[in-house]
Amino acid sequence: MRILGMDTPELIFIGFICVLLFGADKLPQLGKSVATTIKEFKKSMREASSDAAAPAAEKPQK
């Protein structure tokens, strides 16, 4: 299995380091906060792109 160019042993090692740094109790909270951040970022990008397109269509003529 290759994810981002890394094999399984590298992914296991990164997971082990995360457990050492954050502790097993904090990892679910960390994952939830990262997911929430990504969700909010995507929502903001959608709103910004729709806001950018809307004024161009509604320009008043002089």
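Taking the criterion of being among the basic types (K, R) and assigned to a helix (DSSP H, G or I), the only residue of region 1-35 that qualifies is K32.
Taking the stated definitions as given, is L4 among the hydrophobic types (A, V, I, L, M, F, W, C), loosely packed, with under 10 Cβ neighbours inside 10 Å and at pLDDT 85 or above? Steps first, answer last, please.
Numbers: among the hydrophobic types (A, V, I, L, M, F, W, C): yes; loosely packed, with under 10 Cβ neighbours inside 10 Å: yes; at pLDDT 85 or above: no.
Answer is no for this residue.
The values are calculated or read from the model by the stated rules, or taken from the named source; none is laboratory data. All values reported here derive from a predicted model rather than from experimental measurement. Because the Cβ atoms are built from the backbone with ideal geometry, glycine has one as well, and the counts that use them run over all protein chains shown.
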